[in-house]
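Visitor: I have a structure I would like to understand better, so I am pasting it below and will then ask my questions one at a time.
The values are calculated or read from the model by the stated rules, or taken from the named source; none is laboratory data. None of these values were measured; they are calculated from a predicted model. Please note: Cβ atoms are built from the backbone with ideal geometry, for glycine as well, and neighbour counts cover all protein chains shown. All accessible areas refer to the heavy atoms of the entire protein, side chains included, with ligands and DNA or RNA removed. Shrake-Rupley method; radii C 1.70, N 1.55, O 1.52, S 1.80 Å.
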Amino acid sequence: MSEFISDSNFNELVVDTTLDNRNDEGPMTLENFTKLMVQFYELGWMRGSGGAMGCISGKELMISPSALQKERIREQDVFVYNISEKTEVQRPPNKRITVSSCSVLFSLIMKETGSECVIHTHSKSANLITQLIKTDSFEISHQEYIKGIYDPFSGKALKYSDTLSIPIIDNMPSESQLLEPIRGVLDNHPQAIAVLVRNHGLFVWGPTWESTKIMTECIDYLLELSIDMLKNNIALVNEGAFEKEDNLSEKLRTLMFSDMAPV
Ligand code: ZN
């Protein structure tokens, strides 16, 4: 694989100065990055050295290395690039270690969506749900954790009764070959904040590393839940409940405000 600094999407990536105050807990640090790798490994998202994360921190882009055991990564093992100068700031001391093969996917997603962080997991639920659902998208509605998902169109969180839709693409022999299918998802589904790869895993992107981590947790929960719902013949998208909920809230409003004089 050629050096990442020659990747066309990385070269077109610009530092977004509006990012300054986006982070709740401050910009990503190498210490935090390696701690998150341990957490993600423990969640079953990055076993067998799989999975990856890319994160913009100020003028720098941090990307996990390929093939290394994710829960044992040290700060010096993270690849760091300067976005403004298009240079490599840091690479692992072992020269044989290469940057994640997801790096070109991350730079495409970041450039096209303005996302600051992309998390790629190999969770069992993400894999299994793509085998249970034969269509090209996963959809679920009326779930509390849908409220943890950011809507890039409104800039707000989705509502409980909204339908979360995640496109599903087919797997390819190598991760970098997912570039064109992911480009297709970004072109055809501009509202998407994630994509499922059949028999493989999940990619999630968001405006900050915090929101991306939270969304990945919420989506992974929803995928795991969906597998159990399907086993129990429960529909994932509940159209009927929407009407009921609307009627109910209307009734409650009538009950609560019936004594009030019209303003
Ligand atoms: Zn993967």
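Visitor: Using 0.36 nm per residue of separation minus the Cα-Cα distance, give me the extension gain between residue 199 and residue 88 in nm, one decimal.
Guide: Net length gain for the segment: 36.7 nm.
Visitor: A further question follows. Do any GluC sites (Glu not before Pro) in segment 49-90 lie in a DSSP loop with no more than 13 other beta carbon atoms within 10 Å, and if so, which?
Guide: Sites meeting the loop and neighbour criteria: 85.
Visitor: Which of the trypsin sites (Lys or Arg not before Pro) found in segment 77-168 are in a DSSP loop and have at most 16 neighbouring Cβ atoms, other than their own, within 10 Å?
Guide: Those that pass, being in a loop and sparsely packed, are 86, 95, 96, 134, 159.
Visitor: Can you work out the PRE-style zone for residue 180? Point 7 Å along Cα to Cβ, and I want the residues of segment 103-136 with backbone N under 16 Å.
Guide: What the label zone holds, given the 16 Å backbone N cut-off, is 105.
Visitor: Moving on to the next point. Just the Cα atoms of segment 133-241: what Rg and Dmax do they give in Å?
Guide: 13.8, 42
Visitor: What dipole magnitude, in Debye to the nearest 20, does segment 4-123 give about its Cα centre under +1 on Lys/Arg Cβ and -1 on Asp/Glu Cβ?
Guide: Magnitude of the dipole: close to 540 debye.
Visitor: With every protein chain kept in the model, how would you rank 72, 91 by accessible area, 1.4 Å probe, largest at the top?
Guide: I get 72, 91, largest accessible area first.
Visitor: Under a point-charge model restricted to the Cβ atoms of Lys and Arg (+1) and Asp and Glu (-1), what is the dipole moment magnitude of the chain relative to its Cα centre, in debye to the nearest 20?
Guide: 660 debye
Visitor: Given the options 92, 194, 57, identify the residue whose Cα lies farthest towards the positive end of the charge dipole of the chain (+1 on Cβ of Lys, Arg; -1 on Cβ of Asp, Glu).
Guide: 92
Visitor: Please work out the FRET efficiency for the pair residue 144 and residue 74, using the Cβ-Cβ distance as r and a Förster radius of 41 Å; give the result to the nearest 0.05.
Guide: 0.65
Visitor: What percentage of the solvent-accessible surface of the chain, computed with a 1.4 Å probe over protein heavy atoms, is contributed by carbon and sulfur atoms?
Guide: Answer for the chain: carbon and sulfur cover 50 percent of the accessible area.
Visitor: Mind giving me the FRET efficiency for residue 24 and residue 191? R0 is 25 Å, r the Cβ-Cβ distance, nearest 0.05 is fine.
Guide: 0.60
Visitor: Still on this structure: Could you provide, to the nearest whole Å², the per residue accessible area of segment 4-251 with probe 1.4 Å?
Guide: 48 Å²
Visitor: Let me ask something additional. Which whole number in µm²/s is D for segment 4-251 by Stokes-Einstein, with the Kirkwood Rh taken over Cα pairs at 4 °C and 1.567 mPa s?
Guide: Estimated via Stokes-Einstein, D reaches 70 µm²/s.
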